[in-house]
Structures are given as structure tokens and as C-alpha cells.
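Heads up, the thing below is written out as C-alpha cells.
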Amino acid sequence: MWLLTLLSCASSPPGVQVVTATSTGWRPSKPPLKVLRFDLSLTNPDDEPRWLVWPSTFPHEGRSDPAPGGDVYEVQVYHLAEHPRVVMVDAVGAHFQAVKLPAHGALSLRGARIDAWWDKLPEATTIEVQVVRAITVGGTALEAGLGIDATSETGADVAAPTGASDPRAGTFWELGEAGTPVTFDVASRSRIDVRLDRAAP
């Protein structure tokens, strides 16, 4: 089930570059899984704090799924930096990662992981970032469920998490094997085409 709440969804404001992305390489995992890495620059285009949400898994070839949303089994929180403060969440099962930025805030995330279950690596792909007013998990605001203020500070340039064993990992919100539905109140979306670094690892 892919449950997504769309309220007043639109393209990002003209002249605001919500996302830039550079492919920085890939490595094979259990076939056909491929682990891709990207340097992302993210900007909140709005006058209020917003979540910026991007996929942790690309859609399967010729399909629209998996995509951010659906049922989440665990939310992993990473405290990536203190000065400026950067908090990132990774929603296991719901296929998304996110940061919350203040109004017009921006940050850079180096080596962000996005998985792909592709037989062959294409020359390019598309990354969509959703600008989201609120994320709820089973009707509970994400921050309330985590028990933290997840707002990051603007101006950071940090390395993305390496995985669950990353020493910067913090709170893990366990939601059970049955999963809990996630909803997004989406303000706008931004898409960018990215040429992939296809060099053999």
C-alpha cells in the first residue's frame, strides 16, 4: 500500500533550486541490488520550516514503485552534525529519507545512499524531492513520535550516514512488523535528472 496525502501540491517556486545532485559512484550488492551514492544540495523554498523528502530506493525498472510512502517499520534518526546541527531520518519500509529545514534553509549532504534493484545501470536517472509541511505516522506527527526537534540548521555540509552502524545514529523508533502507514502533506515537488557515474567500482 502506498499511502500519500497530497494537499495543494505544486511545482517548486520559480527561481528556487530545491535540489542539485551529483552521482559519485556505485557498488554492487546482492544481485540485482546496486548501491548508488550522490552528493545532494537541498534548499527549503518556503517561508516556513519544511521537510525535504527524497527516496531511499529508486523505482523498479518500468514501474513507479517503490516510492516514498506506504507502511513504515522503523524510523532511524542520525545526528549528523552539531554545529550547524543536522538531523536526518531514514524510514525503513516506507522508502524515504528526510531532513527538516528552517525557512529558506539549505544544506549539503555528501554520499547520500539510494538503492536500486536494476538489472542494468542506466546512463541517467531522476531524483524527486518533495517539500513537505508535515509527516505523520499512524496519525502521529513524526517529531512527536521520535520525541525530538528534528529541525536542522542552515549552512551545513556533512557526510551522509554510512548505515545503521554509523556512530552518528541516534533514536530508532520501532513500529512493529505489521508496519504503520505514513502520510505526507506535500507543498511542492522538484525533480532533477542526474547522469550516473557508471565506472566499475
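Every read-out reported here was derived from the displayed coordinates using simple, explicitly stated rules and does not represent laboratory data. Computed from a predicted model, the values in this text were never measured in an experiment. Here the Cβ positions follow ideal geometry from the backbone for every residue, glycine too, while neighbour counts run over all protein chains shown.
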Length-normalised contact order for the range 71-129 - Cα pairs under 8 Å, 6+ apart - percent: 22 percent
DSSP loop GluC sites (Glu not before Pro) with at most 16 other Cβ within 10 Å excluded, longest remaining stretch of the chain: 62-122
When we measure straight from the Cα of Lys120, which aspartates and glutamates land under 12 angstrom away, once same-chain ones fewer than 8 places off are left out? Glu61
Over 17 Å, how big is the tail of the calculated P(r) for the range 65-164, in percent of all Cα pairs? 56 percent
Mean Cα-pair separation over length for the range 10-195, i.e. relative contact order, pairs under 8 Å, 6 or more apart, %: 31 percent
Nearest 500 deg cm²/dmol is fine: what mean residue ellipticity at 222 nm does the chain get from its DSSP H runs of n ≥ 4 alone, each adding -39,500 (n - 2.57), divided by its residue count? -500 deg cm²/dmol
Considering every Cα-Cα pair within the range 10-195, what fraction, in whole percent, is farther apart than 30 Å? 12 percent
